[in-house]
1. How would you classify the stretch 35-85 from its alpha-carbon gyration tensor, with a ≥ b ≥ c the square roots of the eigenvalues: rounded for a/c under 1.5, else prolate if a/b is greater than b/c, otherwise oblate?
2. Would you work out the Kirkwood radius for the stretch 167-215? I mean one over the mean of 1/r across all pairs of different Cα atoms, in Å.
3. What is the ratio of the Cα radius of gyration of the stretch 64-215 to 2.2 N^0.38 Å, where N is its residue count, to two decimals?
4. Counting other Cβ atoms within 10 Å, which GluC sites (Glu not before Pro) in the stretch 73-164 have at most 14 and lie in a DSSP loop?
5. Measure out, as a whole number of angstrom, how far apart the alpha-carbon centroids of the stretch 177-191 and the stretch 44-59 sit.
6. Over the stretch 100-194, what is the mean sequence separation of C-alpha contacts under 8 Å (at least six apart), divided by residue count, expressed as relative contact order in percent?
Amino acid sequence: MIRRTALALGAAAVLTGGLAAPALTAAKPAASSLSADDQALVKQATDYLQNLKTVQGKFTQTSANGATSTGTFYMQRPGKARFQYDPPAQMLIVSDGYNVKVADFRLKTFDSYPLGRTPLELLLAREVRLDRGVAITGVERTPTGFSITAVDPHKKAQGRITIHFSQSPTALRGWTVLDAQGQQTRVTLGDLKPVSSLDPGLFVLRDSRPRSGRP
């Protein structure tokens, strides 16, 4: 993954700070190395994400150099998400259920990555399983919630993602992506508002550049 994708998961994951994202591969569950209390929090987070269907809310992204961007986050599980950045940012990140597409209108670039190779797969999978395919390396409690850190067990040197939750009630509050170069990007979510439906067009992003200008 290139640094622009980390912008969404952390860019987002979408979105993503160069992270080679934890991929949902056939790895052994890592939950056995956790305490019973930690395993209970992982299950709590898994159950919450599994029941999180169609929502929207605001997000704030903070990059490694301290720069911040804001925007609106749309999610329709399974598979679909949109990070719509506020001006002056000129970026749009969309997952259509198969690929995560990153359009940078300022740089006039367009990139596409398989969803299963991005951190977003952890949130958008049809069946959310935080105890399979990734190694849970830590569960941290805070005064208002908890965080769960995961890595790809086969590529631990390539980065990690930490997903943040509030407690009572449980709610997704964002994620932090640390890439292989030690650069950290954080996405903080506002309150996610459940909605009955979203415009299907929100999850469509095509390369609109003139063909002659494409690489």
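1. Values: a/c = 3.72, a/b = 1.45, b/c = 2.56.
Verdict is oblate for the stretch 35-85.
2. Values: mean 1/r = 0.0652 Å⁻¹.
About 15.3 Å, per the Kirkwood formula over Cα pairs.
3. 1.10
4. Numbers: sites: Glu121, Glu127, Glu140; in loops: Glu127.
Filter output for the stretch 73-164: Glu127.
5. Using only Cα atoms to place each centre, the spacing works out to 18 Å.
6. Values: 137 pairs, mean separation 13.4, N = 95.
With pairs under 8 Å counted, the relative contact order is 14 percent.
Read-outs: derived from the displayed coordinates by stated rules, not from any lab. Please read these numbers as outputs of a predicted model, since none were measured by experiment. In this analysis, Cβ positions are derived from the backbone assuming ideal geometry, glycine residues included, and neighbour counts consider all displayed protein chains.
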